[in-house]
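For reference, the structure is listed below as structure tokens.
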Amino acid sequence: MARWQAGLLFLGLLGAGCPGPEPDPPPPAPVDPVHDALSRPVTPTLDPAAFAGAVACQTCHPQHYAEWQTSRHAYAMRDEVFRRLVAIRQADYAGAQDQFCTQCHSAICARGGACVDGFSFDALPPVALEGVTCEACHRVSGLERRYNSGHVLDPGGPMRGTIEDPATSPFHATEYSPLHATSEFCAGCHDVIELSGLNLERPFAEWSESPAAGTTETCQSCHMPTREGVAAEGGPPRTVHEHRFIGVDLPPDEVADAAERALHEARVQALLTSTATLAVTVPSAVPAGAQLDLVLTVKNENRAHNFPTGTTFVRQAWVAVTVTDADGMVVYETGGLDSQGDLRDAFSTVEPYGDADLLKLSSGLVDARGNPTVFPWRAAEHASQTLPPRYARTFTLFVPTSTTTQGPLQVEAKVRFRTFPPFLLRVLGMEEEAARLPIYDVASARAVVAVE
Ligand code: HEC
Ligand code: HEC
Ligand code: HEC
Ligand code: HEC
Ligand code: HEC
């Protein structure tokens, strides 16, 4: 019962004719969390047909086009993981709320009346399937909020970018936009808040609180490296920005040949390796049968955002440690995988909670009953173990030895990372993807301990 109804009931009980208190004010206008005037409008605010689509840019901007095509942005609406998660959310809400997931993955779709409740991916116009396409960024004329698709789109307006003196283009009007050089520009999509109010992804919020805030170390400076070239065919020489948008995930096979995929994988590895360092401290010797104290320190060397960042509730970053004896027998292990390739945590189907010491650096969602979940819309809490910029965290592991343990003990420790846990891909019916998922070694350290 709403408060005002309770108030009326109370007035009623007082009986007619009594000089009761002033009646309560009328109820506030209903809040509709599902819709939003900017990014989830009830009626369309733009026409998808007003956008030319990426192929129209290819003739004059071939390099930008070729790079963008291999980026996750180009794949944001075709990604099978995305589509299958959206299908589960659609089922959970009986087809309602369908603009929510698409508002950033394709703002043109969500605002253009194509991604409506109960939509099917197969029926969408081609420009919607282009996901975060050229014009989703270059037709942005302003920013209303730094999260949840906060951009103002201007379909009939000029192409906006950071060239102050653009040459004349026969295809489009052009306008200088300082916004496009800022981290705020990326924040419009990269900080994600669920309808429940739960913070899901916050790289921009992390950056704003980091030593990089307010400096030239913007999202673009690391994720859009520069080179000398031309901005358009026949245009003047310029410093241009790479459009591969490399992060941690790889391009799908259909848009990247083996060489391009290898380039992405090497660049992902380089980004990850630049991020974290690991140190192991051990005593030089331990008496046989005593406990060995292993002290591990993991540090995020990135000044700009947490490690990991973004969709940390599906990413996996963890510490793997093995200790072997003189015969090469494993005397201690944490961070290993079960027979299905999963970490032995709550989500393992073969050894649930089988790894009591597991040190995870990503984040976890918990539903209202306290059970872990990977589906953000079912979650009531989001607990993050991620490392803030330039932050080091120290863990101590207690390794038992026995009186028969033969030294020296070899300690091998790693920080490892992968984009998805295999169990999630299996739940989504993508077993083959699970099998080819790369695991990156982000940092490693070794130590030797004598047994006396
Ligand atoms: C007929 C050729 C042509 C086509 C087609 C074309 N452009 Fe351009 N574009 C140009 C030229 C020329 C420039 C200016 C380059 C320079 O000054 O170095 C330019 C500049 C730009 C800029 C930079 C603006 C700035 O001020 O920073 C952006 C962004 C851009 N184009 C996006 C696009 C997009 C997106 C498409 C497709 C929807 C597209 N262009 C299609 C020729 C074209
Ligand atoms: C100093 C360089 C640097 C800057 C600046 C930077 N990043 Fe990153 N970013 C990285 C590195 C290194 C990684 C890989 C390690 C990681 O995931 O933290 C990464 C990873 C990412 C990922 C993939 C995360 C995942 O696991 O899915 C996203 C998304 C991302 N960054 C967005 C941003 C945004 C948005 C900004 C600006 C607010 C930004 N980055 C600024 C270096 C940078
Ligand atoms: C996720 C947003 C995003 C998408 C998608 C995107 N761009 Fe850009 N683009 C930018 C930003 C941001 C800059 C300016 C970076 C800076 O100055 O720091 C830029 C710069 C440019 C420039 C100016 C030259 C340069 O490299 O600085 C051109 C031309 C351009 N983009 C064309 C395209 C075309 C064509 C596509 C699609 C094939 C595309 N962009 C897709 C964000 C995007
Ligand atoms: C219009 C919304 C939008 C804007 C603006 C945008 N992004 Fe993205 N970005 C996305 C979406 C959605 C994805 C995930 C696509 C997927 O993998 O399905 C993504 C993915 C990425 C990734 C790949 C992360 C990974 O896991 O590998 C990087 C890096 C990235 N964006 C950087 C940037 C930077 C830097 C900017 C600002 C210049 C920016 N983005 C602006 C929506 C956007
Ligand atoms: C506020 C904008 C926004 C909304 C809303 C949003 N996403 Fe995303 N999504 C992103 C960005 C940005 C990334 C890239 C972050 C990263 O890679 O860490 C991303 C990445 C992803 C990825 C990882 C893609 C990959 O293969 O690496 C999946 C899956 C995904 N989103 C699913 C969803 C689903 C399902 C919903 C609805 C419940 C949703 N997203 C709502 C912006 C959004």
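The values are calculated or read from the model by the stated rules, or taken from the named source; none is laboratory data. In this text the structure is predicted, and so the values were computed from the model without any measurement. All Cβ positions, glycine included, derive from the backbone under ideal geometry; neighbour counts span all protein chains shown. We work out accessible area using only protein heavy atoms, side chains counted, and drop any ligands, DNA or RNA first. Shrake-Rupley method; radii C 1.70, N 1.55, O 1.52, S 1.80 Å.
Across region 59-90, the qualifying residues are those that are open to solvent by less than 40 Å² (accessible area, probe 1.4 Å) and among the small types (G, A, S), and the one among them that is nearest to ligand 5 (Cβ to nearest atom) is A76. A single entry from V280, V314, V286, V319 fulfils the requirement of being at pLDDT 95 or above and within 16 Å of ligand 4 (Cβ to nearest atom): V314. Return yes when F204 is within 9 Å of ligand 3 (Cβ to nearest atom) and surrounded by 15 or more Cβ atoms within 10 Å (Cβ to Cβ) and no when it is not. So F204 fails the test. Can you tell me which residue is nearest to ligand 5 (Cβ to nearest atom) among those in region 28-58 that are touching an Asp or Glu at 6+ places or on another chain (Cβ under 7 Å) and closer than 30 Å to E265 by Cβ? Going through the qualifying residues, I end up with A54.
Taken over region 214-227, residues that are modelled with pLDDT of 95 or more, of a type outside the set (S, T, N, Q) and away from ligand 4 (no atom under 15 Å from the Cβ) amount to 1. Report yes if A326 is small (G, A, S) and surrounded by fewer than 14 Cβ atoms within 10 Å (Cβ to Cβ), otherwise no. In short, yes.
Entry remark, region 137-161: residues being near ligand 3 (Cβ under 8 Å from one of its atoms) and open to solvent by less than 20 Å² (accessible area, probe 1.4 Å) number 1 in total. Counting the residues of region 134-162 that are in contact with a Ser or Thr (Cβ under 8 Å, 6 or more places away or on another chain) and assigned to a loop (DSSP other than H, G, I, E, B) gives 7.
Counting the residues of region 168-210 that are within 16 Å of ligand 1 (Cβ to nearest atom) and assigned to a strand (DSSP E or B) gives 3.
Name the pairs whose Cβ atoms lie under 7 Å apart, with the first residue in region 426-452 and under 16 Å from V280 (Cα atoms), the second part of a loop (DSSP other than H, G, I, E, B) and among the aliphatic types (A, V, I, L, M), and 6 or more positions between them or separate chains? Cβ pairs passing all conditions: A447/V282; V449/V282. Does region 91-111 include one or more residues that are among the aromatic types (F, W, Y), open to solvent by less than 40 Å² (accessible area, probe 1.4 Å) and not in a loop (DSSP other than H, G, I, E, B)? Yes, region 91-111 contains a residue that is among the aromatic types (F, W, Y), open to solvent by less than 40 Å² (accessible area, probe 1.4 Å) and not in a loop (DSSP other than H, G, I, E, B).
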